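For reference, the structure discussed in these notes is given below.
Every read-out reported here was derived from the displayed coordinates using simple, explicitly stated rules and does not represent laboratory data. Everything quoted here is computed from the prediction, not taken from an experiment. Glycine also receives a Cβ, built like all others from the backbone with ideal geometry; neighbour counts cover every protein chain displayed.
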Amino acid sequence: MRFTRAYNAPVLFSAIALVLLSLPAASFAAEKVWSQTYPLEAGGSISLSNINGGVTITGSARQDVEITATITSRSEEGLNRVDVEVDASANRIEIETDYSKQRGRWNQHGATVEYELKVPSGARLDEIDLVNGSLEISNISGDIETSLVNGNLTAEGLTGSIELETVNGSVDVSFNRVSSSQRIEIESVNGPIEVFLPSDVNAEVDASTVHGRIRNDFGLEVEKGEYVGNDMRGTIGSGGARISLENVNGSIDLRRR
C-alpha cells in the first residue's frame with residue numbers, strides 16, 4: 001500500500017508521547033491493600049522492617065494497633081511475590097515485609113509497600129528499620145528507636161526518649177515535653193538535623209559535625225574545630241536530660257518551640 005500523504009516524524013512522535021502521558025497511572029501499576037488490627041497491652045512495643053516504602057505512625061488513645069499496608073507493583077505477579085508478616089503477642093507486635101518469593105533479579109517487579117500504623121500513644125517504637133522510604137511519627141509518648149538508610153524522618157508531639165540513626169535524609173523532630181531522665185540521641189551522615197525543644201527544657205547538650213554548621217536558640221557556644229567541623233557542649237537551664245547530636249555532612253539546629 002502506498003501512502004499519498006507524508007507525516008512529519010517529530011510531530012508524529014510528539015503525538016505518541018502525548019497519548020502515553022495522558023494514560024492513567026493505574027494502567028502501569030497494580031495495587032492491593034492489606035489491613036489488620038491487633039490488641040496491645042499498655043507500654044507494649046512495636047517493631048517494623050521495610051525495604052521499599054514509607055511508614056506513617058500515629059499515636060492515639062486506642063488500645064490496639066491498626067496496620068494498613070498498601071502494596072504496589074508494576075504487575076499483578078509482583079503483588080503476589082510480596083508478603084506482610086506479623087508476629088503478634090499481648091505485649092509486642094513485629095511487622096516485616098517479606099520479599100523472599102522474588103525470583104531472578106531482586107524486586108524486578110518494582111514492588112513497594114507503604115505502611116500506615118495507628119497505635120496507642122504510650123507504645124514503644126522499637127527497631128523501626130527502613131531502607132528506601134521516609135518515616136513520619138506523631139503523638140508518641142513511648143520511647144522510639146529507628147534506623148533509616150534513604151529517607152527523611154519527621155516526628156512531632158514526642159515526650160519519650162529517642163534513638164534515631166539516618167544515612168541519607170533529613171531529621172526534623174519536635175518535643176512537647178522533656179523530662180530530666182530523658183535521652184535524645186540522633187546520628188546522621190548526609191542530611192540536616194533540626195530539633196525543637198520546649199522553652200523550659202533542662203538538659204545537657206553534646207553536639208558535633210564534621211562538615212556542617214551548628215546553631216541554637218539557647219545561648220550555647222559553638223566552637224569551630226581546628227581543621228574541620230563544629231562542636232557545641234553546654235547546659236540548658238539546670239541540666240538533666242541528655243541530648244547527643246552527631247552529623248557528618250549536614251547541619252545541626254537546636255530550636256526553641
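The table that follows gives values for the structure above.
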quantity: Order of Arg81, Arg233 - criterion: other Cβ atoms within 10 Å of each residue's Cβ, fewest first; calculated: Arg233, Arg81
quantity: Helical mean residue ellipticity (222 nm; -39500 (n - 2.57) per DSSP H run of 4+; nearest 500) of the chain; calculated: -2000 deg cm²/dmol
quantity: Nearest-20 debye value, the stretch 83-212 charge dipole, Cβ charges on Lys, Arg, Asp, Glu; calculated: 280
quantity: Leading residue at positive end of dipole, the chain (Cβ point charges), from Asn190, Ala88, Ala123; calculated: Asn190
quantity: Reported label for calculated mean projected area of the Cα convex hull in nm² given (i) 20.7; (ii) 19.9; (iii) 17.8; calculated: (i)
quantity: Excluding exposed DSSP-loop GluC sites (Glu not before Pro) (at most 10 other C-beta within 10 Å), longest clean stretch of the chain; calculated: 1-220
quantity: Part-to-part distance (alpha-carbon centres) for the stretch 135-181 and the stretch 215-229, which is given in Å; calculated: 23
quantity: Antiparallel DSSP beta bridges within the stretch 152-257, as percent of all bridges there, nearest 5; calculated: 20
quantity: Whole-Hz ³J(HN,Hα) from phi, Karplus 6.51 cos²θ - 1.76 cosθ + 1.60, for the stretch 69-81, glycine and proline x; calculated: 10, 9, 9, 10, 7, 6, 8, 4, 4, x, 4, 7, 9
quantity: Unit charges on C-beta of K, R, D, E only; dipole of the chain, Debye; calculated: 1260
